[in-house]
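These notes concern the structure reproduced below.
The values are calculated or read from the model by the stated rules, or taken from the named source; none is laboratory data. A quick note: this is a predicted structure, and the numbers were derived from the prediction, not measured. Glycine also receives a Cβ, built like all others from the backbone with ideal geometry; neighbour counts cover every protein chain displayed. When the accessible area is computed, the model is the full protein with side chains, heavy atoms only, and any ligands, DNA or RNA have been set aside. Shrake-Rupley method; radii C 1.70, N 1.55, O 1.52, S 1.80 Å.
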Amino acid sequence: MKRRAFLLGLILLAACKPGDPAADAPRPREVTDASVAQFCGMTLTEHAGPKGQIFVRGLPNPYWFATVRDAFGFTMLQETPKAISAMYVSDMARAKNWDQPEPGMWVEAHQAYFVIGSRRRSGMDSDEAIPFSDAAAARAFADANGGRVVRFADMPRDYILATTPGEK
C-alpha cells in the first residue's frame, strides 16, 4: 500500500512540471489606431494585408508589425530582443478582409503555414510571408497566387532579410 501511495505521489509530482510556455503566453491584442509598426512608425490601420505582433518577456505590450515579413525580420536581427514569449500573425485562412483582417483573426506563428514568393504583395508593397492556420488553405492560396508553403522553422532567412528593388 505504501509503495502504491509513493508511486501515485511521484506521478502527481511529475504532472506538476513548470507551466507550458503556450499556456503562459499573453493573448493576442487587436489592432487599433494606436498600433504603431515597429520599423516604419506608421499605424497598422494604414497598411493592407496580414500583420504581426510579438510579445517580449517583461514588456506588457507587443511590438507591432505592418507585415508578417517584418515580424520575422525582428526575430532574425541581431539587435532585437530575443526573449520572445509569443508571436501572432494574421490568419488569412479565416480573414474575410485582406486589407484589414477582422478582430480575432490571429494564429500563433509557430502553428501557421506561410506562403512565400506569391504574387500578393504586403501592405508595404513588398514580398510577404502570408500566414494561414490551415495547410489546405495555404496550398490553395499558393496554387491560385503562386509561391510555396513553408512552416515557421523552415522560413528562409534570405527571403525575410533580402531587399527587393526599390527597398532600402
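Annotations for the structure displayed:
- Scanning the range 71-108 for residues that are within 10 Å of the chain's Cα centre (by Cα), within 21 Å of Arg157 (Cβ to Cβ) and open to solvent by 30 Å² or more (accessible area, probe 1.4 Å) turns up just one, Glu108.
- Restricting the range 113-146 to residues that are touching a Ser or Thr at 6+ places or on another chain (Cβ under 8 Å) and part of a strand (DSSP E or B), the residue that is most open to solvent (accessible area, probe 1.4 Å): Tyr113
- Enumerated helices (runs of 4 or more DSSP H) restricted to the range 1-102, each holding at least 1 residues that are modelled with pLDDT of 95 or more and under 25 Å from Ile116 (Cβ atoms): 68-76
- Only a single item in (1) open to solvent by 20 Å² or more (accessible area, probe 1.4 Å); (2) in contact (Cβ under 8 Å) with a residue 40 or more places away in the chain is not met by Met155, and it is number (1).
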